[in-house]
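A short reminder: the numbers here are calculations on the coordinates, not readings from a lab. If you're wondering where the values come from, they're calculated on a predicted model, not measured in any experiment. Neighbour counts are summed over all protein chains in view; Cβ atoms, including those assigned to glycine, are modelled from backbone coordinates with ideal geometry.
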Amino acid sequence: MTSRRNFLKGTLAGGAAAAAVSVSVSGPACARDNNPQPEGALGLLYDATLCVGCKACVAACKEVNGNPAEFSTPEQLWDTPLDTTAKTFNVIKMFRSGTMETKDDPDNGYAFMKTSCLHCNDPSCVSACPVSAMTKDPVTGIVGYDADACIGCRYCVAACPFGIPKYDYSSATGKIGKCELCRHRLPEGKYAACAEVCPTGATLYGKVSDLKAEAERRLSLKPGTKTVFQRGQLGGKDQSYENVVGHYVQHVYGEKEVGGTQVIKLSAVPFEKVGHKPLPERSASSKSETLQHTLYGGLVMPLAVLGVMTYFAKRNVKPDDDEL
Ligand code: SF4
Ligand code: SF4
Ligand code: SF4
């Protein structure tokens, strides 16, 4: 009959052998690259130099998403959210410096910055969600949310490098709120409400490839010269007007950060000063999924855990009398 000691010896040896075979069969894990942007990706170009801080986009976002006003002043007179919440998907934040004399001046100036989901090319919220409640549309690239599938684990909240998805603690079942690029309006032939209402075209909707070309065009122009800016939707109804070119920082934010995003931004104030810290070009999802593949792909982790558990079990088992 097999004694406990022999059984444990066998298990330990078997686990180690299986791990060795598994590693040699599966070979070294391949690091996965950033997921590419879909060809027809839709998005926004936010140009902070054109933004006048009117917050029409914040109000329109609330309206089309059926979100209530949120107050941050004791008077509670009007909608004054300070950041994105489960019921505020878009906010315009203000940068202030010294005397705040000149718009878009990093010293003694002020500037605006839009905060909403950037619809990452390789979104960590999608990668982290264990039940696929967060998904990326393969055609439009829009990162959508399915409240029915959500189990309220909040992994997406922790995973997002921009702090965008927010948990709704007032909901009985738990719910996440974030911008879904107005995807519910697309079947009606409409587009992002924030871009539709923006009076200056500071928020512009369109195909990301076209928006990138437009961003590059603006960066190539001499500050102070006059040029034509579109409003609403690139390639849509002509709502163009003439304005002067801002003193842009020569950087399209979102072109490379975390593998690229579908909401891209231009600013005259360095991005780190307006709440956009420098981020690596490699997406967090590509790193974490490579690690998971390494640990679980060849069953290395489960077998290693089995080996450790077996070792401790063996140490704690009193030897059988007949083997003394
Ligand atoms: S509607 Fe346009 S100009 Fe007004 S705050 Fe929003 S982005 Fe800025
Ligand atoms: S910004 Fe955050 S919530 Fe939006 S797609 Fe990227 S990871 Fe997801
Ligand atoms: S695209 Fe729609 S949901 Fe997203 S910020 Fe604009 S209005 Fe809000």
Relative contact order as a percentage, the range 42-281, C-alpha pairs under 8 Å and 6+ apart, gives 25 percent
Please list, in order, the residues from the range 242-259 whose amide nitrogen is less than 15 Å from a point placed 7 Å along the Cα→Cβ vector of S97. 247-250
Tell me which residues come under 5 Å, amide H to amide H, from T200 once H is placed; ignore anything under 5 positions away on its chain. none
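From the cross-link list K62/K207; K190/K277; K178/K212; K212/K237; K87/K277; K178/K277, which pairs have alpha carbons spaced over 31 Å apart? Don't jump to the answer; show the numbers that get you there.
Working: K62/K207 24 Å; K190/K277 33 Å; K178/K212 23 Å; K212/K237 19 Å; K87/K277 25 Å; K178/K277 20 Å.
The answer is K190/K277.
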Residue separation times 0.36 nm, minus the C-alpha to C-alpha distance between K226 and R183: what's the value? 12.1 nm
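Estimate the FRET efficiency between F71 and S171 by the formula 1/(1 + (r/R0)^6), using the beta-carbon distance for r and 25 Å for R0, to the nearest 0.05.
Working: r = 19 Å, r/R0 = 0.76.
That gives a FRET efficiency of 0.85.
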Two-site label geometry, R282 and Y241: point separation in nm, points 7 Å out along Cα→Cβ: 4.6 nm
According to a simple spin-label model (label point 7 Å from Cα along Cα-to-Cβ), what is the distance in nm between L219 and T80? 3.8 nm
Based on other C-beta atoms within 10 Å, arrange E101, E242 from fewest to most. E242, E101
Note down the magnitude of the dipole of the range 42-281 about its Cα centre, charges +1 on Lys and Arg C-beta and -1 on Asp and Glu C-beta and zero elsewhere, to the nearest 20 debye. 100 debye
